[in-house]
Amino acid sequence: MAPLLWVLTPSAEGNISTLSATISEGRYLEPSDEGTIVIGDGLARNLKLKVGDGVVMLGSGTDGSVAADVLTLVGIFRSGVPELDRQIAQMPLTRFQETFALSGDVNTIALKGSNLADVVRVDAELRNIATENGVLYRSWEELQPAIKQMIQLDMSTSGMMYVTLVTVVVFIILNTLYMSVLERTREFGGLMALGMRPRLIGKMVWMELIFLSFLGAGIGIALGSALTIYFLNVGIYIPGMEEIYAQWGIPSRMYPSFTIFSVLGRTDGNCRVDLCAWFYPLSPDIGAGTCHRNGFSMMNNFKILRPLAWRNLWRNPRRTSITLIVVVVGLWSVLTFASLLAAWGSSSRDAALGLLIGQGQIHASGYMDDPNIENLMPPLTGH
């Protein structure tokens, strides 16, 4: 497999690539460098090169002349991706342009925003600019389809596991709540003997479940958030997976991007309707406006039942504690699994994009089909 020469601007490369962080011997290219080069450790091993050796480069310039240069090897990198380490060599753009008579022209421009979502958001605009200038824009999915497919496959498998976990957690919580209600049959019978209507008893039970849900959710979210914040700082490390991750350019330590605000945002839309239905259930032939017309009655029920429901919770602290623990552990496990899932997807994608390609690229027309230095980009406008 022939080596690939990656020509770049050292002062700007750190904003695009993370390859400089993988230097194992020597140093990376610096803005003041001219006749220097860095290569992968696999390529250095095959060519029997070490830091300080001279590397002869031969080729054909765009003007038909013989392009020859001698570069000093200043660094050897080890990315962990064998294909990159056996193929890639990097040198300063200005020196390459002088040697190959490019007159300041380039073949490719790599793009990177503050985050990937920024680049994705302006995807259509970038494509329009590229079309207007007679060049081609490619997103990261088009540049690295294998990475995209790998992430999709893994996320699909993990998604099924996530759905299974959520289903199990929901049924465990429902079973716990159901058993806590069944064991209170005599208590409900006593309340009915005192004149309390079954419907009001049902609302009182719903009120207790609401209190338990809010308490359990609050504690579970707090614990899950604390664990997520911890992983945000120290990362998630799975021993024994280093070699497997290295094959895809994924770091052995992943950092979750899941936040508690996204969880809270998902529950916002249903809160008002659910609370209304709990206290004043809607039948199929009653419009939503009925909920508002009976709001006064609902509030009266709330004022009456709230202290009664709250006291009922703590009359049996053992039952309440067990139910709370189930809710807390269930929500905590779901939140933690979601953090791991998000960490895997974002880390694998960002690590792969950060090595070389960036979050998108603009190419000279035809360059991807024929990566020849003569396929040069015209000056871009409208950006």
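Things worth noting here:
- I219 being among the aliphatic types (A, V, I, L, M), within 20 Å of W332 (Cα to Cα) and assigned to a helix (DSSP H, G or I): yes
- Neighbours by Cβ (under 8 Å, 6+ apart or cross-chain): first from the range 188-204, assigned by TED's automatic domain parsing to the domain that holds I304 and within 12 Å of N312 (Cβ to Cβ); second among the small types (G, A, S) and modelled with pLDDT under 80: M204/A309
- Extreme residue, modelled with the lowest pLDDT, among residues of the range 54-72 that are over 23 Å from E30 (Cα atoms) and either of a type in the set (V, I, T) or not assigned by TED's automatic domain parsing to the domain that holds R95 (or both): T62
- L93 being touching a Leu at 6+ places or on another chain (Cβ under 8 Å) and under 18 Å from A12 (Cβ atoms): yes
- Qualifying residue in the range 80-98 (condition: hydroxyl-bearing (S, T, Y), outside any strand (DSSP E or B), in the same structural domain as E13 (by TED's automatic domain parsing) and touching an Asp or Glu at 6+ places or on another chain (Cβ under 6 Å)): no
- Selection status of T99, more than 30 Å from S32 (Cα to Cα) and without any contact (Cβ under 8 Å) to a residue 60 or more places away in the chain: no
The values are calculated or read from the model by the stated rules, or taken from the named source; none is laboratory data. Nothing here was measured: the structure is a model prediction, and the numbers come from that model. With ideal geometry, Cβ positions are generated from the backbone for all residues, glycine too; neighbour counts draw on all protein chains shown.
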